[in-house]
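For reference, the structure is listed below as structure tokens.
No value in this document is a laboratory result; all are computed from the given coordinates. Bear in mind that the values here come from a model prediction, so they are computed numbers and not experimental data. Here the Cβ positions follow ideal geometry from the backbone for every residue, glycine too, while neighbour counts run over all protein chains shown.
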Amino acid sequence: MFTTSKKSNRKICSSGFSLIELIVIIAVISILISIAVPTYLSFAEKIKEKACRNNCFQLEKRYEADLLLENAQHSQDRFLNFLYDYGEDICPSGGQVMYLNGQVHCNAHPIEDVGGSDGESGGVPVL
Ligand SMILES: [Zn+2]
């Protein structure tokens, strides 16, 4: 009684995407990737910088505690020996650390002036 032609249903279902639709999808995906990859890379670099600063801060406090416990003065050789005994990678980007003016600095992630007058430090970031 209700006979439908299976041939016409197969023809509709097997049509798939047209070439134009595929090109549009590939273009949209490439645009999304071109936005996402630089964002991810800058985010990963910020995470490495924060990890480096945290490691430098911890190293600085441990070195100062070591100086106080042994009642010794700072010298470059003493810091290098302490750094060798510390035995951890301080900078995830492979920077060299040094102790200057009571602070541990990394040459790959220099500390910017916190009280700068450029208005970029602190506060709400501007888009
Ligand atoms: Zn670093």
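If packing is taken as the mean number of other Cβ atoms within 10 Å per residue, what is the order of 61-74, 28-41, highest first?
61-74, 28-41
What value in Å³ per residue do you get for the convex hull of the alpha-carbon atoms in the stretch 20-106?
In the stretch 20-106, the Cα convex hull volume per residue is 88 Å³.
Restricting to Cα pairs below 8 Å that are 6+ residues apart, what does the relative contact order work out to for the stretch 20-106? Please round to a whole percent. All intermediate terms of the calculation are to be shown ahead of the outcome.
On the way: 42 pairs, mean separation 29.0, N = 87.
RCO, the stretch 20-106: 33 percent.
How far apart, in nm, are the 7 Å Cα→Cβ label points at Ser34 and Asn71?
Roughly 6.8 nm, to one decimal.
Using 7 Å Cα-to-Cβ label points, what is the Gln103/Lys50 separation (nm, one decimal)?
Once both label points are built, they end up 1.9 nm from each other.
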